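This report concerns only the one structure given below.
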Amino acid sequence: MEARDSELEKELNATLQARSELGPEYESALIDSFLEKVDRRLDETLDRRVRRHLAEQQITVARGARSPQEPPLANFGERFGFGIISLVLAIPLSAIGVANAGIEGLAVAWLGIVGVNVAQVVRSRPSFRRSEERAKSDWED
């Protein structure tokens, strides 16, 4: 990793030297060029990490081990965020429903909100995902 850092440091020094030679009118082009190189370097690093992670998962599955299970609170943030967004959106939806259709509009708006949240919970339940995995494996055999 240190070799890559020294390469990046050389690129930065070259960019700074070019800026001092060319002047401030080329500054944005030089900065854009340097940032593209940094972005490319980050993409390469991320791709390498993703490939390594996928290879590790494939090796684990090929050895017959079970796929890694999510910890119980793995999707807590997703569920919590979804609930907060639902409640925030419930306010204007309730107002629109009441303004347009009275109490019936309010009931329809809240039934929709509850329905979306129930669908989210059902989708994220581990038992639901296990049944999907069983169905996939039945086709693969």
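The values are calculated or read from the model by the stated rules, or taken from the named source; none is laboratory data. Only a predicted model underlies this, so the values are computations on that prediction, with no experimental measurement involved. Cβ coordinates were reconstructed from backbone atoms using ideal geometry, including for glycine residues, and neighbour counts include every protein chain displayed. Remember, those area values only see protein heavy atoms, side chains included, never the ligands or the DNA or RNA. Shrake-Rupley method; radii C 1.70, N 1.55, O 1.52, S 1.80 Å.
Among the listed residues Gly102, Gly97, Gly115, which satisfies the condition of being surrounded by 10 or more Cβ atoms within 10 Å (Cβ to Cβ), assigned to a helix (DSSP H, G or I), at positive phi and at pLDDT 75 or above?
On the way: Gly97 fails: at positive phi; Gly115 fails: at positive phi.
Every option except Gly102 fails the conditions.
Looking at the stretch 73-94 only, could you name the residues that are over 15 Å from Leu111 (Cα atoms) and among the β-branched types (Val, Ile, Thr)?
The answer is Ile84, Ile85, Val88.
What pairs can you find where one residue is in the stretch 5-25 and closer than 14 Å to Glu36 by Cα, the other is open to solvent by less than 90 Å² (accessible area, probe 1.4 Å) and in a helix (DSSP H, G or I), and their Cβ atoms are less than 6 Å apart, with a gap of 6+ or different chains?
Listed pairs, sorted by first residue: Glu11/Lys37; Thr15/Leu30; Thr15/Phe34.
Here's the yes/no breakdown for (1) open to solvent by less than 60 Å² (accessible area, probe 1.4 Å); (2) modelled with pLDDT of 85 or more; (3) in contact with a Phe, Trp or Tyr (Cβ under 9 Å, 6 or more places away or on another chain):
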residue: Leu35; (1), (2), (3): no, yes, no
residue: Val38; (1), (2), (3): yes, yes, no
residue: Leu46; (1), (2), (3): no, yes, no
residue: Arg51; (1), (2), (3): no, yes, no
residue: Ala55; (1), (2), (3): yes, yes, no
residue: Gln58; (1), (2), (3): no, yes, no
residue: Pro68; (1), (2), (3): no, no, no
residue: Gly77; (1), (2), (3): yes, no, no
residue: Gly83; (1), (2), (3): yes, no, no
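Which ones in the stretch 39-62 are among the small types (Gly, Ala, Ser) and within 27 Å of Glu7 (Cβ to Cβ)? Quick ask: steps written out before the conclusion?
Going residue by residue through the stretch 39-62, those that are among the small types (Gly, Ala, Ser) are 55, 62.
Across the stretch 39-62, the qualifying residue is only Ala55.
Filter the stretch 18-33 down to residues that are of a type outside the set (Phe, Trp, Tyr) and surrounded by 11 or more Cβ atoms within 10 Å (Cβ to Cβ) and give me whichever is farthest from the chain's Cα centre (by Cα). Don't jump to the end; show me each part of the working.
Applying the first criterion (of a type outside the set (Phe, Trp, Tyr)) to the stretch 18-33 yields 18-25, 27-33.
With the extra rule that they be surrounded by 11 or more Cβ atoms within 10 Å (Cβ to Cβ), the set shrinks to 18-19, 22, 27, 29-31, 33.
Values: Ala18: 37, Arg19: 37, Leu22: 40, Glu27: 33, Ala29: 31, Leu30: 31, Ile31: 28, Ser33: 27 Å.
The extreme case among them is Leu22.
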